[in-house]
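We did not get these values from a lab; they are worked out from the coordinates using the rules stated. Keep in mind that this is a model prediction, so the values were computed, not measured. Backbone-built Cβ (ideal geometry, glycine too); neighbour counts: all protein chains shown.
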């Protein structure tokens, strides 16, 4: 437990406190753009934490993002365009893409108050559930590594959860499950990826969106893969009405 607490403290420091300026990077050439927060009462530490989480989201998925002049709303002068919906956020939240004119830095990415409020709540969740958050990063790192190749059919139930599955079903599905993992790449989640759902085995039903990418017919397809916190572990979820799910 102590080791995980130290790990998550280190992770949160690296992910949510890195850098002194509110700058994020997008596009194939890591173009920099500063942030403009609608909530002027947001603390400096919260602004830096949000900026760091946005950098996590943009580090790989954001390489396809383009800067485009013009916007439908006259309050904005441009927008950041990405053809893929972010795999980091829940469907209830939009990734920020509106650009405002900023007297200090010229242009800045607008962060609406509803998004900064969601981040504030998510940071509180992460602080109160540090071991669970640390375990999520460990899980993503493990399934992304060659160490996952050593998982046996007798161990696969430690990494996947079926709805009302028998032990025999895990055995029968072993090769399909491992092949599905090997065929994709996984990335560190956003702190906004943790969420509760009425679906799943009670009582917690804590889920996580894990960003993933897969090569499909010559291009890269992005989407979130769902994991669930169950029996003290994170597991990829195959659940009724919520299968091993990639949002279109």
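I want to verify the translational diffusion coefficient of the range 51-155 in µm²/s; compute it with Stokes-Einstein, Rh as the Kirkwood radius over Cα pairs, at 20 °C and 1.002 mPa s.
My calculation gives 129 µm²/s for D.
If one computes P(r) from the Cα atoms of the chain, what percent of pairs lie at distances over 24 Å?
49 percent
For the chain, what is the calculated [θ] at 222 nm in deg cm²/dmol (nearest 500), taking -39500 (n - 2.57) for each run of four or more DSSP H residues and dividing by its residue count?
-9500 deg cm²/dmol
By how many degrees, 0 to 90 and rounded to 10, does the Cα axis of helix 44-58 deviate from the longest principal axis of the chain?
The helix 44-58 is inclined about 60 degrees to the chain.
Using R₀ = 30 Å, calculate the FRET efficiency as 1/(1 + (r/R₀)^6) where r is the Cβ-Cβ separation of residue 195 and residue 32; round to 0.05.
With R0 = 30 Å, the Cβ-Cβ based efficiency is 0.50.
Quick one: helix 130-143 against the long Cα principal axis of the chain, what's the angle to the nearest 10°, folded into 0 to 90?
For helix 130-143, the angle is close to 70 degrees.
Note down the nm distance, to one decimal, between modelled labels 7 Å out along Cα→Cβ at residue 231 and at residue 76.
4.5 nm
On a full-extension model of 0.36 nm per residue, what is the gain between residue 214 and residue 60, subtracting their alpha-carbon distance, rounded to one decimal in nm?
Going from the current span to full extension adds 54.2 nm.
Compute the helix-to-body angle for 113-128: its Cα long axis versus the longest principal axis of the chain, expressed 0 to 90° and rounded to tens.
So the helix axis and the longest Cα principal axis differ by about 40 degrees.
How high is the relative contact order of the chain? Use alpha-carbon pairs under 8 Å, at least six apart in sequence, and give a whole percent.
Relative contact order for the chain comes out at 18 percent.
Going by average Cβ neighbours within 10 Å, how do the peptides 171-177, 107-113, 197-203 rank, with the highest at the top?
107-113, 171-177, 197-203
Using a basic spin-label model with each label point 7 Å from the Cα along Cα→Cβ, how many nm lie between residue 44 and residue 169?
Distance between label points: 5.4 nm.
Between residue 158 and residue 124, what FRET efficiency follows from the Cβ-Cβ distance if R0 is 30 Å, with the result rounded to 0.05?
0.50
So for the range 15-112, considering every pair of alpha-carbon atoms, how many percent are separated by more than 18 Å?
Of all Cα-Cα distances in the range 15-112, 45 percent exceed 18 Å.
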